[in-house]
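The values are calculated or read from the model by the stated rules, or taken from the named source; none is laboratory data. Being a predicted model, the structure only gives us computed values, none of them experimental. Cβ coordinates were reconstructed from backbone atoms using ideal geometry, including for glycine residues, and neighbour counts include every protein chain displayed. Note: areas computed on protein heavy atoms with side chains; ligands, DNA, RNA excluded. Shrake-Rupley method; radii C 1.70, N 1.55, O 1.52, S 1.80 Å.
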Amino acid sequence: MNSSDVNFSLLQNQPNVPAEFFWPEKDVAPSDGDLDLPVIDLSGFLNGNEAETQLAAKAVREACMAHGTFLVVNHGFKSGLAEKALEISSLFFGLSKDEKLKAYRIPGKISGYTAGHSQRFSSNLPWNETLTLAFQKGPHQVVEEFLTSRLGNDRQEIGKVFQEFCEAMNGLIMDLMELLGISMGLKDRTYYRRFFEDGSGIFRCNYYPPCKQPEKALGVGPHNDPTAITVLLQDDVVGLEVFAGARWQTVRPRPGAFVVNIGDTFMALSNGNYKSCYHRAVVNTEKVRRSLVFFSCPREDKTIVPPPELVEGEDASRKYPDFTWAQLQKFTQSGYRVDNTTLHNFSSWLVSNSDKKST
């Protein structure tokens, strides 16, 4: 089965889900209640109120040390932009299969449309359709240009709205990087903001159709994001779950809020102080679920090194070897399936390869 063979509108009408979409029992174990996440109001930080900034930073630190995820509100987004972007994602996924396949993701590339990731894997397929778009700050409107080149001028609005959304997300990421630096008590609170200034992003629209056997399938399997930090906009349908306190717990959608997850790259940049968030997306029998996700990435060739003060002192030592985002991305795209051991396995692979070179 490849991406052009997966047609969810047909699969939804079948009484049973194809076996390729089944996941192991441990991965589909049901949620055990709701996860009580801190809701961080960013208005004080964005307005330069130091007392409110420190309160926000303290809540961020506690969440990142516990499970690596929190919610943000009053994040400075233009009114209506998030809702518009969700509407546009529905417009795209509502196109005919042939139309969507004009934006088909070429293997080895980041940008494009996929259904069930079946061009990469043959089992444990996710019950979803995705549109993934590489974002780069600069003079070129790369998101808009990609979509217009594939879908044509008739669909220009899709590219325009997604371009604006990505630029707003990238601005929010920069603010969050500074808040993360403050939460760690760094002498230079802008360390992470500056580290990611010349970085890039990956924007993904997720579309999870209704599923006849949601107890066997998953929209996205359990994993940690290999990127730095992830900002997620959910619609009003429940689906995101985080593994915290040794059990799966539901992150309920909250109007006006974004979910922020720590990823593996930032865990390395924090020298292991902040946890990469282990999460998954579940599906249901009745409703479509949509989410918009923005992953932040450092410049590909920049060495991932924590701030000096996080590796100073008698007890401090480096938890992870030096690496670049290009190396980690290549590792995760070479048939390896990301999970909650990615960074550990990648680090071991790096060390063993460097040992081979030195002998």
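Data for the structure
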quantity: Qualifying positions in segment 252-306 - among the β-branched types (V, I, T) and out of contact with any Ser or Thr (no Cβ under 7 Å at 6 or more places or on another chain); calculated: V282, V283, T285, V288, V305
quantity: Condition met for T53 (crowded, with 20+ Cβ neighbours inside 10 Å, modelled with pLDDT of 95 or more, out of contact with any strand residue (DSSP E or B) (no Cβ under 8 Å at 6 or more places or on another chain) and of a type outside the set (A, V, I, L, M, F, W, C)); calculated: yes
quantity: Selection from segment 63-93 of residues that are assigned to a helix (DSSP H, G or I), open to solvent by 30 Å² or more (accessible area, probe 1.4 Å) and more than 19 Å from T230 (Cβ to Cβ); calculated: E83, K84, E87, S90, L91
quantity: Unique residue being part of a strand (DSSP E or B), modelled with pLDDT under 95 and either β-branched (V, I, T) or open to solvent by less than 40 Å² (accessible area, probe 1.4 Å) (or both) when the list is T132, T114; calculated: T114
quantity: Test for Q156: is it under 24 Å from E25 (Cα atoms) and either open to solvent by less than 20 Å² (accessible area, probe 1.4 Å) or polar (S, T, N, Q) (or both); calculated: no
quantity: Long-range neighbours under 7 Å by Cβ, at least six apart or interchain, first residue within 18 Å of L101 (Cβ to Cβ) and of a type in the set (D, E) within segment 117-137, second modelled with pLDDT of 95 or more and outside any loop (DSSP other than H, G, I, E, B); calculated: E129/F93; E129/Y207
quantity: Selection within segment 41-72 - among the β-branched types (V, I, T) and within 11 Å of L179 (Cβ to Cβ); calculated: T53, V60, V72
